[in-house]
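The values are calculated or read from the model by the stated rules, or taken from the named source; none is laboratory data. Quick caveat: nothing in here was measured; it's all calculated off a predicted structure. Using ideal geometry, Cβ is built from the backbone for each residue, glycine included, and neighbour counts are taken over all protein chains shown. Areas reflect the complete protein model, heavy atoms only, side chains present, ligands, DNA and RNA absent. Shrake-Rupley method; radii C 1.70, N 1.55, O 1.52, S 1.80 Å.
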Amino acid sequence: HAKHEGRNNYQLYMPDINARAHSRVALAKDLQSALESGDLHLQFQPQLDLTSGRTVSFEALLRWRHPQHGMLARQTFIRLAEETGLIIPIGAWVLEIACQTCFSWQQFHSGPLQVAVNLSPRQFRQPDLAGGIAAILERTGLSPPSLEVEITEGLLIEDMDSALKTLQSLSTLGVRISVDDFGTGHSSLTYLKHLPLDSIKIDRSFIHDIPEEIESRAITKAIIALGHSLNLEVVAEGVETQEQFLYLQEYGCDRVQGYFISKPLNAPRAQKWWQEKG
Ligand code: C2E
Ligand code: MG
Ligand code: MG
Ligand code: MG
């Protein structure tokens, strides 16, 4: 029976793959116009500080509602944007809207509030990234420490020297720097010594298996200890259950983010959340 079902699934899947291959070029065109037509938007996922119990940051996450195909899978269109270079204007738009939004929320409530923005490899390697970000901060009024950029370890192994230069200029600007998906990037830990980092985000694949799995528990505890001994803030992403939440609290993780706290929210709902829980 299972075999029969499996074959049906396979047959159902094939036309979809072909359709997607055919529409790749069309999709890239649509993505370009999505920027102008307002089909891109951001959602904001709260990040909770475990000491104060308050929301202190939101991660900005890009969404694309396609006029015909509806909401598109992130991994697909972000990869497409990266490959076509569209990530440069899209990434600039994300930064601008995220900073603008965070600044406007800061006017409602006096607590500390940051916004975290993901930077793709191509975006990270563009010339004068820090200058571009400085201009966005200037325009939107957001103070540099209110912005956190999230990068992945992969960026650091490709060209450590130029990555170091870019990170130093961001750090000089006063922007916070976080390593996303920490522990999955096949990179050496040497970079932690040299780079001006502020925080690391434990990848959700580890969080997923705590507290049940001994290895994930060991890795999670070790990352928290490593981060703290290097004076880095440690964030856990993908926290889905109360057990995970309590475990992270017990072991001194600084911040948590995940469905257990809240799914990513649209801007009005995130603002309301912030006014109540910030
Ligand atoms: P990420 O930066 O690691 O973002 C966290 C992802 O985990 C988000 O997926 C979020 O919706 C999801 N998530 C949050 N809490 C939970 C949870 O409790 N359980 C599970 N299973 N998932 C959770 P999303 O929004 O689909 O984004 C996927 C990835 O796409 C992001 O991973 C990031 O690498 C990339 N991305 C998103 N927005 C942007 C952007 O504006 N620019 C760039 N360059 N990349 C982006
Ligand atoms: Mg991220
Ligand atoms: Mg992540
Ligand atoms: Mg991820």
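Answer yes or no as to whether LEU167 is away from ligand 2 (no atom under 15 Å from the Cβ) and open to solvent by less than 10 Å² (accessible area, probe 1.4 Å). Answer is yes for this residue.
Taking LEU156 as the residue in question, decide whether it is open to solvent by less than 50 Å² (accessible area, probe 1.4 Å), of a type in the set (A, V, I, L, M), farther than 19 Å from ALA236 by Cβ and within 16 Å of ligand 3 (Cβ to nearest atom). Yes. Can you tell me which residue is surrounded by the fewest Cβ atoms within 10 Å (Cβ to Cβ) among those in region 41-73 that are within 15 Å of ligand 1 (Cβ to nearest atom) and part of a loop (DSSP other than H, G, I, E, B)? Once the filter is applied, the top-ranked residue is ALA73.
Within region 170-190, the set of residues being more than 15 Å from ligand 1 (Cβ to nearest atom) and surrounded by fewer than 21 Cβ atoms within 10 Å (Cβ to Cβ) comprises SER171, THR172, LEU173, GLY174, HIS186, SER187, SER188, LEU189, THR190.
Only residues that are farther than 20 Å from GLN43 by Cα, free of Cβ contacts under 8 Å to residues at least 40 places away in the same chain and assigned to a loop (DSSP other than H, G, I, E, B) were counted in region 105-124, giving 1.
When GLU83, GLU148, GLU96 are checked against the criterion of being of a type in the set (Asp, Glu), within 16 Å of ligand 1 (Cβ to nearest atom), open to solvent by less than 50 Å² (accessible area, probe 1.4 Å) and assigned to a helix (DSSP H, G or I), a single residue qualifies: GLU96.
A single member of LYS193, LYS221, LYS201 is among the basic types (Lys, Arg) and either under 16 Å from LEU119 (Cβ atoms) or crowded, with 20+ Cβ neighbours inside 10 Å (or both), and it is LYS201.
Under the condition of being among the aromatic types (Phe, Trp, Tyr) and in a helix (DSSP H, G or I), the residues counted in region 260-276 number 2.
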